[in-house]
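Taking it in order: structure first as structure tokens, then the write-up.
The values are calculated or read from the model by the stated rules, or taken from the named source; none is laboratory data. Predicted model, so just to flag it, every value in this text is computed and none were measured. Here the Cβ positions follow ideal geometry from the backbone for every residue, glycine too, while neighbour counts run over all protein chains shown. In case anyone asks, the SASA skips ligands and DNA or RNA and just uses the protein heavy atoms, side chains included. Shrake-Rupley method; radii C 1.70, N 1.55, O 1.52, S 1.80 Å.
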Amino acid sequence: MPCERKPMRYGHSEGHTEVCFDDSGKFIVTCGNDGDVRIWEGLDDDDPKFITVGEKAYSLALKNGKLVTASSNNTVQIHTFPDGDPDGILTRFTTNATHVAFNSSGSRVAAGSSDFMVKVVEVSDSSQQKTLRGHEAPVLSVTFDPKDDFLASASCDGSVVVWNIEEQSQLISWPLLQKTNDVSNAKSLCRLAWQPSTAKFLAVPVETKVHLYERGTWDHVSTLSDDLQTQLINVVAWSPCGRFLAAGSVGGALTVWDVNSKLCVERQKHEKGFTVCGLAWNPSGSQVAYTDTEGCLGLLDGLGTSTSTSTKQAPTKKTAKNYDDLFDDDDDGRLMDEGLSDTNSPVKKPVGRGGDDDDDDDFLVPATGRVRNRGAILDDENSLDTGSLKVGWDKFGDDEDSSAAALAAPPLGPLRPVYEGPLPTPPQKAFQPGSTPAHLTHRFMMWNSVGIVRGYNDEQDNAIDVEFHDTAVHHAMHLTNSLGHSVVDLSQEAVLLACPSTDELASKLQCFHFSSWDTNKEWMVDLPPGEDVRALCLGQGWAAVATSALMLRLFSIGGVQREIFSLPGNVVCMVGHGEQLLIVYHRAPGFDGEQALGVQLLQIGGRKKQLMNGEPLPLSHRSHLCWLGFTAEGTPCYVDSDGVVRMLNRSLGNTWTPVCNTRETCKSKSDHYWVVGIHENPQQLRCIPCKGSRYPPTLPRPAVAILPFKLPLCQTSTEKGLMEEQYWRSVLFHNHFSFLSSSGYEVDEDGRTQSQKEQQELLMKMFALSCKLEREFRCVELAELMTQNVVTLAIRYASRSRRMALAQRLSEIALEKANQIQEEEPEEQEEEPEHAAVRRPSGYEVTGGRQREEEEERVEELREEEEEDAQEMETGEEAETRKRLTPFVKEAASPVIPSLTPIGKVGRANPFKVLGSGTPSSSSAQPRVTNILDNMTSGRKSSPLSGSAGKQHKGPVLKPLAPRAKAKTQSTLLQMTSTKKKTQEITPPAAEQPKPAEAPPPASPADNTENKRPKTGFQFWLEENRKSITADHPDLEETDVIKEAMGRFRTLSAEERLSWTERAKGQTGDADLKKRKRAEGGGGGNEHGQAEADENSAKKKKSLDPSAKLSAFAFNKN
């Protein structure tokens, strides 16, 4: 069915436009957004008659000399035709009518409105009205059954309804469409059409196909589809004979099907790709008029369909006579321009009537199995589909039976195998992230973290405006766009622009290097002939351009040509950040709606290397790439058309982790978020909400919203799932610290420390929750992720919860982690102190010695808070209440507890001792506690020191003396000598002492000698056994001797250790003296406890909100 596409011509102002023919086919009638109805005597009519019907005209219908229009004053009016005289108002609505239609005889008009109602009105007597209620959203379209019994309507509520007009009731409703809140936001107008004369089928456009429903049974009997039809169908219209169905889509595609054979017999394309919103057949059947959303009118002429009357008159014998004519029509080059002769052209497999939706694959494919030159079909205005040859066989048939028989006739050439597998997806076109579509007259050419670039291309001006978020970078710029630049990138150093090539000019690259210190701030480069810029980006001191020749060209920011290399496929987009270049390209054809994209990540600069080499880029099912970029910290991210944001996880082998789904926060399916930037610290997704669109308009200036991130973990509504999501999100979003430090950048140590504290606290909360749920194995798994200090805290929690088996396993983990730190220590010292990084089991990096010091401080604070809470709970309670609130008091209050003290804290006072409770408790539980707590490698500070020590020595104590601190075990064992002088000077205020009445005045520094400290049982044992240890291991240093002694002391039975502890107690005096010494601890009686307080309490005031304290969490669980 070869036809000619006439040039479009201007009809109305920009907006929705409709078209119809009069009964004779002599006039084309259009209405549009300007409120006029124009009557054209042909497409060449330069002075059409016009009738003004209102401010806007939304729809029109013409029959029997009556012109009905729906206008913006909420009325449906009648005018005479062709005179245009007003003939009254047919009906009114509470808001504007959206579509009007005549019945086949012209006696009735149906009108659908935005107030959800459909009215059927008699033309001769407008008081005779029937109102059809039931839709829950504005009505999109209405159409009469040719036999006048039924009426079909489509609505924004997603339904297509068939009504019984007389009974004013719904017969059937199909939920076929996407729901929207208004006609203006609907993706498709869904203009229904009933087959004329026979009234057998109701055609319903559903996405990219047309569903046919049988009248009476209302069954979905078949689907008209075309594999090249990838856009939503907007309107459909039947030919007067009822044999052919034309469809117009939102992307400008025009398709004609033969309904009997279900073959596509004509494909045309709107010359500018605008949405087709109106469609009408000439009563002669040889022309189709169409209108677009820009107010233009077009015509397809010479469709050559015979009307129903001529079909019946044509004798069957004429078929043989017309064979030559049939092939003569095809000899004009329309078939041959596709490189196929008529003898070997493939023939479509006919699909029987009444089939279901499984006709997606009825497609013409040559024997090679490759789709035949789709581009030629899409691009050639007069291209002829080979299916039309087949239609020619039955064009002259009497009816459906004869045409079906003709289809079964011998084929034109030898049959070829028909490919029925998945079909290739049209590849995504190259785009610039942060830009809106290029066909807009006013658009964003770039919106990124540096600024905004707007492009204007209208009758008055063709210019580019550059605006910076921070005007300190540069003032706003106005550039004339005489070269027609279409892609732009913006950085802190320059603006980079590129234009496509024309017949006369090569593709050009232009750079405004505004940060240059010399006077020449602009340079330009011409690309080789035949090479067009497809994508470009700017980095720190460099620019990159990807071209249509599959080349990537690097330039310095000053215009020096640098490296050049080939890309494995057509580029989709690329972005730069610092020294990183991220490229996404087509690595292969996609199938079944999928895009097969590959990604390369290169480091450009001093150390050039390829970090990712062509790995597939994961996308959501049947989606495409929408945005690509880096976070402000330099981590690659991207967003697909399903709204899923993914971020590169460098710690898991460069995998992509979904961190947000913007669709979850959209209120309707037509709403989207347009991403403009991502920050990891603080965690922010910066984007622009777009209502009913995928991208924002330039005016008014859109407001940027901030969305939170959320990993799609399971059961995040539960406490466990919520904390797991927070922990792993924190780990992922702080990977950039290790990447930046390994790349030689300075990192924010405070931010890194805070993130690690946050992660360890979450682990401890999860640990406590698992303890509460009696999931001890899970507790051990969580402990594997903790640092050594937090494992020690977990051991305390487990022992207080009376989970001794768990505490024993945790002590083994703590010992492993301590050994691991000691093994890694020499390696650290060989590296540069600023950038040396150690991978911890928890999945984050620890840099240098300062990190461990701060971590110790935090854990010590948490422990001290627990002690304070414990003492507060105990001071004013009865003994029974005290035991009930703090079940660990029984063990903690024992005077035998000094034997449990690890060697690193030999001189400290008893942290758990309850004031005034000097009676020893039963030792039944002591052996178990002893086995566990002996393994703990750090203790607590005594609480009276915290306030004064933190205030007096905040500044100097925090900074380590050496560039790198020693391992935890070494520092806790040996640091008392280095801090002794400072701790001796600290005296607690009287108000903070536990028993002011009993406490003597603070001792002077001269009295605070090491000899006055109470000794533990282990110390006594060590003094007597030191010689034997040194004899067995003469080469051991002091710390190794202590470790060996600790190991041996643990092997003693509980009774033996108890006896050593009793001996120690006998030497330290009675309970009152011990209490007094504890009170005097601020003056130096407990030098090592003082050292801990002095060193670690400086950050006490910075602790977290009390509601979030682990101490509260832990105590509540008991």
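Per-atom-type breakdown for segment 186-304 gives carbon and sulfur 49% of the accessible area (1.4 Å probe, protein chains only). For segment 76-85, putting each phi into the Karplus relation 6.51 cos²θ - 1.76 cosθ + 1.60 with θ = phi - 60° gives couplings of 10, 10, 10, 10, 6, 10, x, 5, x, 7 Hz, in residue order, rounded to whole numbers and with x for Gly and Pro. Sparse packing (at most 10 other Cβ atoms within 10 Å of the Cβ) combined with a DSSP loop state is found for the following GluC sites (Glu not before Pro) in segment 475-545: E504.
Using amide H atoms built in the peptide plane, which far-off residues or other-chain residues are under 5 Å from H99 H to H? When sequence neighbours closer than 5 places are left aside, the close amide H contacts are G112. Within segment 433-534, what whole-number % of the accessible surface is contributed by carbon and sulfur, with the 1.4 Å probe and all protein chains included in the calculation? Within segment 433-534, the accessible surface is 51 percent carbon and sulfur.
Rg over Rh for segment 619-742 works out to 0.98, using Cα positions for both radii and the Kirkwood form for Rh. Largest to smallest in accessible area, the residues V791, V704 fall in the order V704, V791 (1.4 Å probe, all protein chains included). Fully extending the segment from N819 to K691 would add 40.3 nm, taking 0.36 nm per residue of separation and subtracting the current Cα-Cα distance.
Protein heavy-atom accessible surface, 1.4 Å probe, per residue over segment 650-719: 56 Å². Across segment 29-88, the fraction of Cα-Cα pairs farther apart than 20 Å, rounded to a whole number, is 17%. Residue-wise HN-Hα couplings along segment 108-116, as the Karplus relation 6.51 cos²θ - 1.76 cosθ + 1.60 with θ = phi - 60° gives them from phi, are 10, 10, 10, 9, x, 9, 6, 8, 6 Hz; Gly and Pro carry x. Both the radius of gyration and Dmax for segment 504-571 are 12.4, 39 Å, in that order, over alpha-carbon atoms.
R0 = 25 Å: FRET efficiency of S126 with E55, Cβ-based, nearest 0.05? After rounding to 0.05, the efficiency reads 0.65.
Computed extension gain for S169 through D748, at 0.36 nm per residue and net of the alpha carbon distance, reaches 201.5 nm.
For V572, the amide hydrogen comes within under 5 Å of the amide hydrogens of V584, Y585, H586, counting only partners 5 or more places away or on other chains and with H modelled in the peptide plane. For F709, the shell of other residues with beta-carbons less than 13 Å away shows a net charge of +1, using +1 for Lys and Arg and -1 for Asp and Glu. In the context of the full set of protein chains, segment 108-176 has a per residue accessible area of 36 Å² (1.4 Å probe). Would you work out what percent of the accessible area of segment 1-44, with all protein chains in place, is carbon or sulfur (probe 1.4 Å)? Carbon with sulfur: 44 percent of the solvent-accessible area.
Taking other residues whose beta carbon is less than 15 angstrom from the beta carbon of T80, and scoring Lys, Arg as +1 and Asp, Glu as -1, yields -2. Taking label positions 7 Å along the Cα-Cβ direction at both T230 and K608, the computed distance is 3.5 nm, reported to one decimal. With coordinates expressed along the principal axes, the C-alpha atoms belonging to segment 87-146 extend over 29, 25, 16 Å, beginning with the largest.
For S501, nonlocal amide neighbours, meaning residues 5 or more places apart or on other chains whose placed amide H falls under 5 Å from its own, are S507, V533. Extension gain, E420 to E271: 0.36 nm times the residue separation minus the Cα-Cα distance gives 50.5 nm. Accessible area of C156 (1.4 Å probe, protein heavy atoms only, ligands and nucleic acids ignored): about 0 Å². For segment 256-267, the Karplus equation 6.51 cos²θ - 1.76 cosθ + 1.60, evaluated at θ = phi - 60°, returns couplings of 10, 10, 8, 5, 5, 8, 6, 9, 7, 9, 7, 10 Hz by residue, with Gly and Pro reported as x.
Between E4 and L722, what is the FRET efficiency for a Förster distance of 56 Å, r being their Cβ-Cβ separation, to the nearest 0.05? Given R0 = 56 Å and the Cβ-Cβ separation, E is 0.30. The Cβ shell under 10 Å around H679 holds other residues with a net charge of -1, Lys and Arg each +1, Asp and Glu each -1.
The calculated FRET efficiency for R1063 paired with E1037, based on their beta-carbon distance and R0 = 22 Å, is about 0.20.
The label point for E136 and the one for K429, both projected 7 Å from the Cα toward the Cβ, are 3.8 nm apart.
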